[in-house]
Each structure stands twice: as C-alpha cells, then as structure tokens.
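The values are calculated or read from the model by the stated rules, or taken from the named source; none is laboratory data. Just so you know, these numbers come straight off a predicted model, no measurement behind them. Reconstructed Cβ throughout: ideal geometry from the backbone, glycine too, with neighbour counts over all protein chains shown. Note: accessible area is taken over every heavy atom of the protein model, side chains too, but ligands, DNA and RNA are not part of it. Shrake-Rupley method; radii C 1.70, N 1.55, O 1.52, S 1.80 Å.
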Amino acid sequence: MTSDDTAHNEGTSANRQAATLELRGITKRYPGADEAAIDNLSLEVAAGEICVLVGPSGCGKTTAMRLVNRMIEPTSGDILVNGVSIIDRKPSELRREIGYAIQQIGLFPHQTIAENIATVPKLLGWEKKRIVARVDELMDLIGLEAAMARRYPGQLSGGQRQRVGVARALAADPPLMLMDEPFGAIDPINRERLQNEFLRLQGEIRKTIVFVTHDIDEAIKMGDRIAVLRKGGILAQYATPAELLMAPADAFVEDFVGADRALKRLALQRVRDIELWDAPTVRVGDPMAEARERAMASPIRHALLVDDDGRPVSWLGDTDLTGDRVVHHDGRVTMVELDDILRDALADLLQGQVMFGVVTDHGGRVAGVLSVEVISEFLTHQTAGHIDEAPAPAERLA
Ligand SMILES: Nc1ncnc2c1ncn2[C@@H]1O[C@H](COP(=O)(O)OP(=O)(O)OP(=O)(O)O)[C@@H](O)[C@H]1O
Ligand SMILES: [Mg+2]
C-alpha cells in the first residue's frame, strides 16, 4: 500500500503510524565550502518521539532537515525512514509523507491561508469536505480566527504566518514532521501556548518529529531527546533532557545548557520523585503532650492539624500547642500535589512566601511535606536513578 492509499483510507488522524528515522554517518559538504556543514552525523529517532536539534547559528540544523526530505543530497552516508533508505524513494512521494515547516515560513503568496494549509491534502486527493474540516480544525489549533483563512499571507503578521506554516506541515497528518524553528517568530506568550498545544496534540497523535530551535529551554521542554550540534555539524551530545542537564558531555554542551541547569532540572521532575519530609500530623482531641513532641521532633517545629479524612487544616505553632488536648484552629496552608512538577511546586512555595508546603495525594490527604530545603538538597544530591523517571514532554506542561 502506498502512502496515498493510506491517506485515502484512514479517516481519522490518530491511526496513521509514526515513522522511525535514522541518520547513518551523514556528511554534507556544500560545493566550494572548506568546512563540512554536517560532519559524520549519526542519530536515531524512535517512532513517535520528538528529537530536538539545537546548536548555534550555522551549525547545520537546517541542512540536516533538508537532507531528510531530499531537498539536498548528502555527500556521504545514508538516511532511513522506517528502515528504508530515502535514496530508493521518489522525492515527490517522500515529501508527501514528511511534513515540513521551513524556517523562512515560505507560504505561497498568491494563495489564501486556507489554500496554503490545504496544499498536501489536495495533492493527496482528499475530498473537499474533509479538507475544509481539516483547515477549520488547524486554524483553531493555531489560534487564528476562521475568517482569516480567506486572507493572503501578505495580510498577516510574521508570527501569524509562522503559525500557518506549522498548520500546513500538520495538514495531512504525516508520519514524520520536520519543524525548523517553527515558533521562532512568535512572541513569548503565544509561543508558550503553541508549545503546550503542540505537546498536547503530540500526546494524542504521537508523530515522529524533528524539531529545530536555538533555544535550549524550548529544546528541554519539547524534546524526548536532544541533539546538540556544534559548528561544522558535529554532534556534541545526543541525550534525553534530563541526561543533558545532569551530565553534559563536555564544556561546550555545559555552556550551551547554561549555568542554571540545576534549576532547569526541576521542570523534569515531579514532587513524588523526591524524598519528602514526614508530616507531623495531629487531630482534634489528641493529647497535647504527644502533639508537642511530634512538632518538636520535626524540622518544621510545627504540628499539622488534619481533619478526620486526613486533609490538612492548619499549622500549629508553639503558641497553639497549649492546653490538654488539641482543639480546632482555622488556618491557611500552602498545598502542592504529588503529581505537580517540582518547578511549579517551588514557585507555589515562593509565591506563598512559605518555606514548607503540604503535599497532598489525589484525595487531598496529606502525603508529606515539601520544603525549600528538601528541593535544594535534591538538586545537590540527585542521583542518576531519577533520570529514567522524568515525565515525557506532553506530561511536563505547566
Ligand atoms: N546552499 C548553501 N551553499 C553553501 N553553503 C551553505 C548553504 N546553505 C547553508 N550553507 C552553510 O552551511 C552551514 C550550515 O547552515 P545551516 O543553514 O544548516 O545552519 P543552521 O544551523 O540552520 O543555522 P541557523 O540557526 O542560523 O538557521 C553554514 O555555514 C551555512 O553558511
Ligand atoms: Mg537554520
């Protein structure tokens, strides 16, 4: 069955298979250039994963993309899509299977936005009704009003055009997508929205995506794996975001990921991944001597009053811990959840101007205490064992 048949037969987007991609010792030397643009690059991208190419300007990121869909040919080496060398494929057929959002956007100026988005579905001979529905769906996804579909690219802002470029690449739901700085021209607020939408969508459709960016934060957020390239198209490191932050391969990578790499690691961990303090819980009616003892034995020096269901009510300090038995107090506790991303939990503590947050489970019951101290300890002593448990990009959404 050809790719065209697949596109005709399968109505929904979710059931088209993602492709695997492999670069085997690829070198690309442009005619007349002294240095190779890509030098013996090998990397594998598993089906359904986002591989981010990151590195300084001119390190060969766009060149790598153009090699994959045969807009240019390698000097040596091989590229395999789904295990088949692309040299054996017809370029026109290959390109229909590969969505490409190019760096310069490249919309057709004399076609409307809707026509631009519909380019590949039309090539694939989709029915008109299906194309219209797909264009509507994608306009909504990229956050443009439906009426804009009738405009021409020249009537849009640069960021809006870039979003249309992304929609066009996504249109035929290709098993492999190449995205060259797809959010580069978009303001930070819309960029974050698009990144999140994109990751949410990827959680459902699980395409294989090669994503180029200059921005290491974007790479860490979007990537299942990150390939850091240095000038001359040399692969400096290919690793998961957590590995990259934990163990940069050399000084170049370390410099590239930045001095705040410890803080960046917080975005890759959940509250449940770190060792919490036990909560010194007490209930109304507990003997005060016991309650005091529990509070003083804890580094928090407070007892935590919980209700009958184990939900937090109030912190009890020295002045509250008097009398025979614990009585009810109204209070305010800062709460975070076991499933929260550690970075967000820390932000909640800082925002609440508290050193401690009560960690709750799904039922709102106390599961432990998170403190600024615990987080700081975690950052200094984090072990390699935690790396494997880092949440996938789609699960890391703020
Ligand atoms: N058609 C070409 N002919 C000759 N040299 C080229 C050509 N295209 C790119 N190069 C060179 O190859 C190198 C890699 O270029 P490429 O566009 O792949 O970099 P990039 O990593 O995408 O950079 P940027 O981040 O600025 O987009 C650069 O030195 C560039 O000048
Ligand atoms: Mg480029």
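Brief remarks follow.
- Test for Ser42: is it within 13 Å of ligand 2 (Cβ to nearest atom) and either closer than 16 Å to Arg230 by Cα or not assigned by TED's automatic domain parsing to the domain that holds Phe183 (or both): no
- If the condition is being part of a loop (DSSP other than H, G, I, E, B), farther than 14 Å from Ile142 by Cα and open to solvent by less than 40 Å² (accessible area, probe 1.4 Å), then segment 183-215 contributes only Lys207.
- Residue that is within 12 Å of Ser314 (Cα to Cα), open to solvent by less than 80 Å² (accessible area, probe 1.4 Å) and not acidic (Asp, Glu), where the choices are Val354, Val358, Val327: Val358
- Among the residues making up segment 327-341, those that are assigned to a loop (DSSP other than H, G, I, E, B) and either touching a residue at least 60 places away in the same chain (Cβ under 8 Å) or not acidic (Asp, Glu) (or both) are Val327, His328, His329, Gly331, Arg332, Val333, Thr334, Leu338, Asp339, Asp340.
- Scanning segment 35-82 for residues that are among the hydrophobic types (A, V, I, L, M, F, W, C), without any contact (Cβ under 8 Å) to a residue 60 or more places away in the chain and closer than 23 Å to Ala18 by Cβ turns up Leu67, Met71, Ile79.
- Residue count for segment 216-233 under the criterion of being open to solvent by 40 Å² or more (accessible area, probe 1.4 Å), farther than 19 Å from Asp260 by Cβ and away from ligand 2 (no atom under 16 Å from the Cβ): the result is 1.
- Residue-level check: of (1) part of a loop (DSSP other than H, G, I, E, B); (2) free of Cβ contacts under 8 Å to residues at least 24 places away in the same chain, Thr319 misses just (1).
- Residue pairs meeting the criteria (Cβ under 6 Å; at least 6 apart or on separate chains; first under 16 Å from Phe378 (Cα atoms), in segment 240-261; second surrounded by 21 or more Cβ atoms within 10 Å (Cβ to Cβ) and basic (Lys, Arg)): Leu245/Arg265
- Inclusion of Ala118 among residues that are crowded, with 16+ Cβ neighbours inside 10 Å, within 22 Å of Lys207 (Cα to Cα), within 16 Å of ligand 1 (Cβ to nearest atom) and among the small types (Gly, Ala, Ser) is not warranted.
- Restricting Ala37, Ala33 to those that are modelled with pLDDT of 95 or more and under 21 Å from Met71 (Cβ atoms) reduces the list to Ala37.
- Scope segment 79-93; condition open to solvent by 40 Å² or more (accessible area, probe 1.4 Å) and not in a loop (DSSP other than H, G, I, E, B); matching residues: Val84, Ile87, Asp88, Pro91, Ser92, Glu93
- Thr63 being within 16 Å of ligand 1 (Cβ to nearest atom), modelled with pLDDT of 95 or more, closer than 25 Å to Ala236 by Cβ and open to solvent by 40 Å² or more (accessible area, probe 1.4 Å): no
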